[in-house]
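For reference, the structure is listed below as structure tokens.
Derivation of every value follows stated rules applied to the coordinates shown; laboratory data play no part. Everything numeric here is computed off the predicted structure, so don't read it as measured data. Quick reminder, even Gly has a Cβ in these numbers, built from the backbone with ideal geometry, and neighbours come from all protein chains shown.
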Amino acid sequence: MTQTFLQTFILLLLVTDPFGNVPIFVTALAPVARARRPRIVLRECAIAFAVLLVFMFFGRHFLTALQLSEVSLRIGGSVILLLIAIRMVFPHPDGVLGKTEGGEPFIVPLAIPALAGPSALATVLLFSHETTGEVMIHVAALAAVAVVWLAVFLGAERLQKALGPQVMTAFERLMGLILTAMSVEMLLGGIRAFVKTL
């Protein structure tokens, strides 16, 4: 049981990649008042956790009801990530996320697809086939991963201060380049999976 928990914890930690998402969170929260940022982090992490939890139990039924495939989910998510990545590499006057009401991000892109992205959704969909006991272990692992999200993103501002704005800008562009490659790879994977269905 402990081994299953650790395996699931590590897997979910890798597919949600909180450390890799630090630049996205820092950039998205930059225009928001400092006192408000912890609440937004808590809210976005809670939304991502809820979405993954719902998908763990009802994901396949939801996709079937909307006549959507996992392939379309992967391709759609990759396009959104690619647009975000391009804005990270080539700064836009409106910022990475474009203009939002009060400059505050909501659900997209922090909760979805940064945390609850296509790879994470596809991963939790696999858990729905297992026994009730195993699913409960997966829920516990997901909750533990959500705690890691909170710890990482609540400390993101301190990390930015420690490294300085120039280093963070360079890091953001580097992560934008990596995110571009990841989104293209995700897109190609979705296309390959689609071609196999023909």
Point to revise | Intensity falloff of segment 38-192 expressed as log10 I(q)/I(0), Debye formula with alpha-carbon point scatterers, at q = 0.10, 0.12, 0.19 Å⁻¹ | key: -0.41, -0.59, -1.34
Check your understanding: Which helices of the chain meet both criteria: a Cα extent of 24 Å or more along the helical axis and a mean Kyte-Doolittle score no lower than -1.0, with helices taken as whole DSSP H segments?
Key -> 37-65, 70-89, 132-154, 165-197
Check your understanding: Can you sort Val195, Val26, Val108, Val145 so the residue with the fewest Cβ neighbours within 10 Å comes first?
Key -> Val195, Val108, Val26, Val145
**Study point:** Exposure proxy order (Cβ contacts within 10 Å, fewest to most) of Ile191, Ile84, Ile24
**Key:** Ile191, Ile84, Ile24
Practice item. For the chain, with a Gaussian network of springs between Cα atoms less than 10 Å apart, report the residue from Pro31, Pro18, Pro113 with the top mean-square fluctuation. Key: Pro31
Exercise for review: Rank the residues Thr16, Thr169 as a footprinting-exposure proxy: fewest other Cβ atoms within 10 Å of their Cβ go first.
Suggested key: Thr169, Thr16
